[in-house]
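Please treat every number below as a calculation from the coordinates, not as lab data. These figures come from a predicted structure and were not determined experimentally. Backbone-built Cβ (ideal geometry, glycine too); neighbour counts: all protein chains shown.
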């Protein structure tokens with residue numbers, strides 16, 4: 001049986017001691033018992049100290065942002081600033097609608113917000129006498 005070029009190169013490197021004292025030597029490989037197609041993403045998240053709740057799809061992030069309206073607009077000083085934020089939000093929702101869907105089942109959809117309704121809610125928050133920061 002002949003030795004391949006790769007086997008010969010490995011044997012030569014072993015003889016030179018190039019595999020001695022490698023970082024991670026003697027440490028577990030963290031292999032799972034079954035095949036997981038997302039192993040690389042899960043391993044990256046573990047190494048980077050991320051948890052699954054902090055990594056969400058753009059659509060879910062948009063829905064969470066919309067859930068914060070109008071409270072998240074409270075510190076904006078002018079109606080023009082509120083309208084600018086909401087127009088930007090609606091533009092990002094429209095861009096999300098154009099993103100190709102992936103996977104099976106019904107897609108999660110973010111909804112555009114009614115700018116006039118949220119401006120009115122912002123006005124009520126501002127006039128309620130609650131303290132507003134100078135932001």
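Among 65, 48, 18, whose mean-square fluctuation peaks in a Gaussian network model of the chain (Cα, cutoff 10 Å)?
Of 65, 48, 18, the most mobile in the Gaussian network model is 18.
Suppose R0 equals 25 Å; then what is the FRET efficiency for residue 104 and residue 81 from their Cβ-Cβ distance, rounded to the nearest 0.05?
My answer for the efficiency is 0.05.
Only helical DSSP H runs with n ≥ 4 go in: add -39500 (n - 2.57) per run for the chain, normalise by residue count and round the 222 nm mean residue ellipticity to 500 deg cm²/dmol.
Value at 222 nm, helices only: -15500 deg cm²/dmol.
For the pair residue 22 and residue 64, how long in nm is the line joining their label points, each one 7 Å along Cα→Cβ?
3.8 nm
Under a 10 Å cutoff between Cα atoms, tell me which one of 107, 70, 28 has the largest fluctuation in the Gaussian network model of the chain.
Fluctuation is largest for 28.
Please work out the C-alpha center-to-center distance from region 1-26 to region 92-113 and express it in whole Å.
Taking the Cα centre of region 92-113 as reference, the centre of region 1-26 is 50 Å away.
May I ask for the angle, rounded to the nearest 10°, between helix 79-98 and the longest principal axis of the chain, with both axes built from Cα atoms and the value confined to 0 to 90°?
The angle comes out at about 40 degrees.
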